[in-house]
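K.L.:
Have a look at this one.
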Amino acid sequence: MPIPMDKILQEIADQAYYASSLRRNGVQPTRDVFLAEVLGELEASGDAMRFVDAKGRIAWMATPRLRDYLQDLELEAEEDLEDEF
């Protein structure tokens, strides 16, 4: 059963899963188990939160703090790119 999450968390989780698969030589946990662990860590750090979606399922979304942090990183990258030209 897929874990409902917003696009930001989906991208973070996909990157973490891919990076984890590169480091493992043996048995890998299933994707759902891995994603649950990642989401638990993100929730503990204050970067993700659970909510009940319109279908009554528990879903996950990025916190405003994480969204602001990612937006700041994007703006800094754009400024660095502009400084190079």
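K.L.:
Filter segment 1-34 down to residues that are surrounded by 15 or more Cβ atoms within 10 Å (Cβ to Cβ) and over 9 Å from the mean Cα position of the chain (by Cα) and give me whichever is modelled with the lowest pLDDT.
P.N.:
Ile3
K.L.:
Got a number for residues in segment 33-49 being under 15 Å from Asp6 (Cα atoms) and among the charged types (D, E, K, R)?
P.N.:
Total satisfying the criteria: 2.
K.L.:
Filter segment 50-67 down to residues that are over 14 Å from the mean Cα position of the chain (by Cα) and of a type in the set (D, E, K, R) and give me whichever is nearest to Ile3 (Cα to Cα). Give the steps one after another, and end with the answer.
P.N.:
Applying the first criterion (over 14 Å from the mean Cα position of the chain (by Cα)) to segment 50-67 yields 51-58.
Now narrow it down to the ones that are of a type in the set (D, E, K, R): 53, 55, 57.
Working: Asp53: 12, Lys55: 13, Arg57: 9 Å.
Residue satisfying both the conditions and the ranking: Arg57.
K.L.:
If only one of Leu42, Leu81 is in a helix (DSSP H, G or I) and under 16 Å from the mean Cα position of the chain (by Cα), which one is it? Break it down into steps so the answer makes sense when it comes.
P.N.:
Numbers: Leu81 fails: under 16 Å from the mean Cα position of the chain (by Cα).
None of the others qualify; the one that does is Leu42.
K.L.:
Of the residues that make up segment 21-33, is at least one touching a Leu at 6+ places or on another chain (Cβ under 6 Å) and assigned to a helix (DSSP H, G or I)? Give the derivation first.
P.N.:
Our first condition is that a residue be touching a Leu at 6+ places or on another chain (Cβ under 6 Å); within segment 21-33, this holds for none.
Checked segment 21-33: no residue is touching a Leu at 6+ places or on another chain (Cβ under 6 Å) and assigned to a helix (DSSP H, G or I).
K.L.:
Sticking with this one: State yes or no: is Thr63 loosely packed, with under 10 Cβ neighbours inside 10 Å and of a type in the set (S, T, N, Q)?
P.N.:
For Thr63, the condition - loosely packed, with under 10 Cβ neighbours inside 10 Å and of a type in the set (S, T, N, Q) - is not met.
K.L.:
Separate question: Just need a number here: residues in segment 1-59 that are free of Cβ contacts under 8 Å to residues at least 12 places away in the same chain, of a type in the set (A, V, I, L, M) and under 25 Å from Leu70 (Cα atoms).
P.N.:
Going through segment 1-59 one residue at a time, the tally reaches 4.
The values are calculated or read from the model by the stated rules, or taken from the named source; none is laboratory data. Predicted model only: the values in this text are computed from it and were never measured. So basically every Cβ, Gly included, is an ideal-geometry build from the backbone, and we count neighbours across all protein chains shown.
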